[in-house]
Amino acid sequence: RGSESEVAMSSSHSLDGSTHGEPSRQQGSPDTSVENVAKNAIKMGFVEKEPEGSYFKGWQERFLVLTGWDHQGEAFLFYYTTEYDKVASGVMFVNDMDLGDKQDDPKVFTLQGSQRRFRFRCKTEEESRSWRIAISEAKLLGGHRCNAGFSTPAHVSDKHFKCCEKCRVSFSTTKAKHHCRCCGRLFCAACSGGAKLSLSPYSNAVRCCNGCGDKQRELISRDKAELERARDFVARDLLLLQDGGMFHDMERMDVSWKMFLETSLPGVPLSQRTLVLEDFLNHKVDLAPKTTANRIKAAAQKAVERAKNMRQQDVVNALTISGAKTNITEMTKGATRTGQQFLAAAKNLKDQVKGEHLTLICVADLIGISDCAGSPPLVKLYGEDRAQRAVAITYRFYDILGQLSEGGLLLVAETAASKKLWLTALQELTL
């Protein structure tokens, strides 16, 4: 596709990168200095490069820098005369090229593009193998991805593009070529004729190909919408979350909850903050006769009665295999029922434990916030009014065994109006 090429260089600079004077960075071109490019280096070092255009020259020492920008998905191989150069002698778009087959000389590796081939020779076979592995891994970045508001860190040279990257029309004096400042390739006027865009680090709006232009506008519009949503969240919802609000437990009338977003130190991202839920008993609510004490008493009485009612014949029958099986089955069922009753009672034993009862949920662990209004099961169990004000919170947590589990809370807001505000705030918090 012609994407492998030399970086734009001064007229005194030869085709293969040998210099008759230091190459100069042209107006509007990216900063390809070793100092800048090496910030994103995957691998760098000295190798020998096969001369291009003239086979009478010997192999020339070049300094290679393989870079990868994860946010753009693009990998480049820059080469320089020295490790101090301010401008690259050449650059290859790694994702547009293929590693050549194994060479006769194992110290040599080849990058083959649609129009050009580059051969490099290392001092050892191990070094050549290391470069091959690094380039193969860099190709896994996947190729160019538009980064909203930012240009590409490298451009292909005009000299080595003979046709448009998109429509393949040949360039000529009447068919001008234009760099896309987003992806670095060359296009004709028709394939890069959209409105210019402001891309960093350029001070003025620049030309992009139609594909990158559409994608940039989509990304910029998305970022703008997210910024507006963040501003609305801070102005409308954040204060509500930090001040906190009161809720009732859906299952227990005598339990209330206070929910608030924990304040944090400056610089802590919202996703790492903690949603605190504190539950406490409302002693003014009379749950008799279904009190915790009555439930435990009833479960204990049933267990005692079951023991008293054991007959002598039951003991004798237990000595036979069939009788033992029957008695063990009945005892297991009875023990299970009794255990379930005790567990149910223990679950509601909040009034016997002193101190705060806190549920701490990291914002990043919130799975979802649901509006339970109109839920038939909840309406049937708790009435339409409570169901209309109900909010369900699901979240991830680690249990006592260290296993990742999911939990849930079903809370009832004090009013329909407060439920609406909290539902919006909590849903925004999970986005």
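The numbers here are math on the coordinates, done by the rules we state, and not lab data. Treat the numbers as computed from the prediction; the structure is a model and nothing was measured. Every residue, glycine among them, receives a Cβ derived from its backbone with ideal geometry; neighbour counts consider all protein chains shown.
Across the options Val169, Gly100, Leu219, the greatest Cα extent toward the positive end of the charge dipole of region 90-247 (unit charges at beta carbon of Lys, Arg, Asp, Glu) belongs to Val169.
The magnitude of the dipole of region 380-419, with charges of +1 and -1 set on the Cβ of Lys/Arg and Asp/Glu and taken from the Cα centre, is near 80 debye.
Computed from the Cβ-Cβ distance with R0 of 45 Å, the FRET efficiency linking Thr415 to Ile220 stands at 0.65. For Cys362, the amide hydrogen comes within under 5 Å of the amide hydrogens of Leu275, counting only partners 5 or more places away or on other chains and with H modelled in the peptide plane. For Val255, the residues 5 or more places off, or on other chains, whose built amide H falls under 5 Å of its own are Asp249, Asn282. Quick one: if you stick a label point 7 Å off each Cα along the C-beta vector at Val206 and Ser170, how many nm between them? Each label point lies 7 Å from its Cα, and together they span 3.0 nm.
Go ahead and run the numbers for FRET between Thr263 and Leu140, Cβ-Cβ distance against an R0 of 60 Å, rounding to 0.05.
Details: r = 42 Å, r/R0 = 0.70.
The formula returns an efficiency of 0.90 here.
Other residues within the sphere of radius under 13 Å centred on the Cβ of Ser203, judged by their own Cβ, net out at +2 (K and R +1, D and E -1).
How big is the charge dipole of region 99-149 about its Cα centre, in debye rounded to the nearest 20, if each Lys and Arg gets +1 on its Cβ and each Asp and Glu gets -1 on its Cβ? Walk me through the intermediate numbers first.
Values: 11 positive and 7 negative charges, 45 e Å.
Result for region 99-149 is approximately 220 debye, rounded to the nearest 20.
Taking trypsin sites (Lys or Arg not before Pro) across region 92-154, the ones in a DSSP loop with at most 11 further Cβ atoms lying within 10 angstrom of their Cβ are Lys102. Once both labels are positioned 7 Å from their Cα atoms along Cα-to-Cβ, the gap between Lys380 and Phe46 label points is 8.2 nm. Whole-percent P(r), region 111-218, all Cα pairs, 10 Å bins from 0: 13, 36, 29, 17, 5, 0. Extension gain for Ile133-Ala190 works out to 16.6 nm (0.36 nm per residue, less the C-alpha to C-alpha distance).
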